[in-house]
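Structure incoming, see below.
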Amino acid sequence: MKKYFKKFSSYAMGSLALAAVVACGGNQPTSVNPGAQSTKTGMAYNEDGYFEVSDYSGQPDAPGMVFIEGGRAVLGSFEEDIMHSRDNVKRTVTIASFYMDETEVANIHWLEYLDYIKKDSTDAFYRSALPDTTVWVKDLAFNDQYVDHYLRYPGFRFYPVVGVSWRQANDYSKWRTDMVNLSLAEEADMDVFDEGGRIRLESGAVLPSFRLPTEAEWEYAAQAQIGTQWLDENQTHQRLYPWDGHATRNPYGKRMGNFLANFKRGRGDYAGIAGKLNDGAMVTGWIYEYPPNDYGLYNMAGNVNEWVQDLYRPLSFQDFEDLNPIRRDDTRDKSDNYNEERSLLAQNVRVYKGGSWRDVAYWLSPGTRRYLEEDSATSHIGFRCAMIRAGSNY
């Protein structure tokens, strides 16, 4: 301890000088430029035996993700409630900035995952990660080509993975976190793990966890209201879909009249008439097929529905935080809000959103929501990952 007190005296004058500079309007310390010593103790940083402050230039870029600037938004369904569910009534919330995958996770990404875990995981875990390809099987439909080929045939590489449950999507997110951070640590040539084998966040070289987006984040990102801003905090309009207008066709330019999403136009019509298919896909489509929304996100309507974190409750809109809302697994619901004989109160049912290749346009609106058991899988539900923006107040 004597060593530190001796060292402190040599820095005392330096601290006083720093305080004088700050008082005169000089450069204050920041996370990127913390200075050579503490502004509270005067103790040095990064000298032998002293507090280590790693270099930091901001949150590293996450592969395949785009930045979603947060803010105030009105969430909820702007469509007529034709299902009479009243489970997403409009309310105002604020969402902190975050990151989201620009596309759905595709077959090639899932095959990469399977390849790695087959090498370094148990056979049981590998088997648990296999998508259920039988989701394409229908008693009265000939979908054999999708059962046998959709996941592994090269032509489907960049089509969204389906047949994965909510639990499988979460496992993938954890694996992706480990793989990306190991790569970042190697690139930075540093050991980012503590004695317990956990990643040291203080290193500044690694990313926060990949995860499923919350329902509020997903809906906010799909709306992309950033494209409707006018002057100071004014919005010219609210969007019914992830694009402008009340229709599903492009109203502008050379692509005028083209559909803006992959969905089912009507009974028996999945793609239109040969020679001029209306959306170009009988089932799922290329993950970059349609124009992105104003955040740069592709297929936030149609193609496949997408899992989100939240547990499903019909009355989530009544009982919520207005800053970064989420319905967590262990949230206790007020019993007087529900008729237990008629309300869904299961602890294993998750929300999915967005509409898909087999859904009509009603489900393309970001405010609509449905649910499914977390261990179930279908041919029309996929997912994308999200990530917090760390070290930021917006």
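The values are calculated or read from the model by the stated rules, or taken from the named source; none is laboratory data. Computed from a predicted structure; not experimentally measured. Neighbour counts run over all protein chains shown; Cβ positions are idealised from the backbone, glycine included.
Looking at this structure, is Phe193 of a type outside the set (Ser, Thr, Tyr), over 13 Å from Leu75 (Cβ atoms) and in contact (Cβ under 8 Å) with a residue 60 or more places away in the chain?
No; evaluated as a whole, the condition is false for this residue.
Out of region 362-394, which residues are of a type in the set (A, V, I, L, M) and modelled with pLDDT under 95?
Ala390, the sole residue that qualifies.
For every residue, the table says whether it meets (1) touching a helix residue (DSSP H, G or I) at 6+ places or on another chain (Cβ under 7 Å); (2) modelled with pLDDT under 65; (3) closer than 30 Å to Gly245 by Cβ.
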| site | (1), (2), (3) |
| --- | --- |
| Ser10 | no, yes, no |
| Val21 | no, yes, no |
| Gly25 | no, yes, no |
| Ala44 | yes, no, no |
| Tyr56 | no, no, no |
| Glu69 | yes, no, yes |
| Val74 | no, no, yes |
| Phe78 | no, no, yes |
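Does Phe263 fit the bill of being assigned by TED's automatic domain parsing to the domain that holds Glu102, in contact with a Cys (Cβ under 7 Å, 6 or more places away or on another chain) and crowded, with 18+ Cβ neighbours inside 10 Å?
no
Within region 312-332, can one find any residue that is polar (S, T, N, Q), within 18 Å of Ile381 (Cβ to Cβ) and surrounded by 14 or more Cβ atoms within 10 Å (Cβ to Cβ)?
Scanning region 312-332, I find no residue that is polar (S, T, N, Q), within 18 Å of Ile381 (Cβ to Cβ) and surrounded by 14 or more Cβ atoms within 10 Å (Cβ to Cβ), so the answer is no.
Listed here are the residues, each with its yes/no results for (1) under 28 Å from Ile326 (Cβ atoms); (2) without any contact (Cβ under 8 Å) to a residue 12 or more places away in the chain; (3) of a type in the set (Phe, Trp, Tyr); (4) in contact with a helix residue (DSSP H, G or I) (Cβ under 8 Å, 6 or more places away or on another chain).
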site: Leu212; (1), (2), (3), (4): yes, no, no, yes
site: Glu219; (1), (2), (3), (4): yes, no, no, no
site: Leu240; (1), (2), (3), (4): yes, no, no, no
site: Asn250; (1), (2), (3), (4): no, no, no, no
site: Gly257; (1), (2), (3), (4): no, yes, no, no
site: Arg265; (1), (2), (3), (4): no, no, no, yes
site: Ile273; (1), (2), (3), (4): no, yes, no, no
site: Met282; (1), (2), (3), (4): no, no, no, no
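Taking the criterion of being of a type in the set (Val, Ile, Thr), part of a loop (DSSP other than H, G, I, E, B) and modelled with pLDDT under 95, would at least one residue in region 87-95 satisfy it?
Within region 87-95, the subset of a type in the set (Val, Ile, Thr) is 89, 92-95.
Those left that are additionally part of a loop (DSSP other than H, G, I, E, B): 89.
When the remaining residues are screened for being modelled with pLDDT under 95, the result is 89.
Looking for residues that are of a type in the set (Val, Ile, Thr), part of a loop (DSSP other than H, G, I, E, B) and modelled with pLDDT under 95, one finds at least one in region 87-95, hence yes.
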